[in-house]
Ligand code: SF4
Ligand code: SF4
């Protein structure tokens, strides 16, 4: 008699693991919920301190700083980092 081993083993799918916070991912905590940073161009000298401080990589600096409002998490770090008070939080 031959045995056929197919059949009985229940296929258990490995549980999907939810990944922890990604490195470099900004904290979900926002100092200014629902707000985004905005640059007041006449005060900006393009030093880039705000971009360095931004954990969401939401600021690009060519001549002046520019905030991507879709990437900004409202943490407010750029406001604190700007030596010229050229960034403020505002409603999107
Ligand atoms: S830190 Fe202030 S002055 Fe410097 S690039 Fe950013 S907004 Fe402009
Ligand atoms: S508030 Fe400023 S530092 Fe924070 S995510 Fe927005 S642009 Fe970046």
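The values are calculated or read from the model by the stated rules, or taken from the named source; none is laboratory data. Just so we're clear, the structure is a prediction, and the values are computed from it rather than from any experiment. Note that each Cβ is placed from the backbone with ideal geometry, even for glycine, and that neighbours are counted across all protein chains shown.
Structure values in brief
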quantity	calculated
Of all residues in segment 77-89 being in a loop (DSSP other than H, G, I, E, B) and surrounded by fewer than 18 Cβ atoms within 10 Å (Cβ to Cβ), the one that is nearest to ligand 1 (Cβ to nearest atom)	84
Neighbours by Cβ (under 9 Å, 6+ apart or cross-chain): first from segment 73-91, at pLDDT below 95; second outside any loop (DSSP other than H, G, I, E, B)	91/36
Total residues in segment 52-61, condition closer than 17 Å to residue 84 by Cβ and free of Cβ contacts under 8 Å to residues at least 24 places away in the same chain	2
Search result, residues across segment 39-68 that are within 15 Å of ligand 2 (Cβ to nearest atom), more than 14 Å from residue 79 (Cβ to Cβ) and part of a loop (DSSP other than H, G, I, E, B)	47, 48, 57, 64, 68
Yes/no for residue 54 being in contact with a helix residue (DSSP H, G or I) (Cβ under 8 Å, 6 or more places away or on another chain), more than 7 Å from ligand 1 (Cβ to nearest atom), closer than 10 Å to residue 37 by Cβ and modelled with pLDDT of 95 or more	yes
Close pairs (8 angstrom Cβ cut-off, 6 or more residues apart or separate chains): at positive phi in segment 30-51, assigned to a loop (DSSP other than H, G, I, E, B) and crowded, with 18+ Cβ neighbours inside 10 Å anywhere	34/74
Of all residues making up segment 63-72, the number that are loosely packed, with under 15 Cβ neighbours inside 10 Å and more than 10 Å from ligand 1 (Cβ to nearest atom)	4
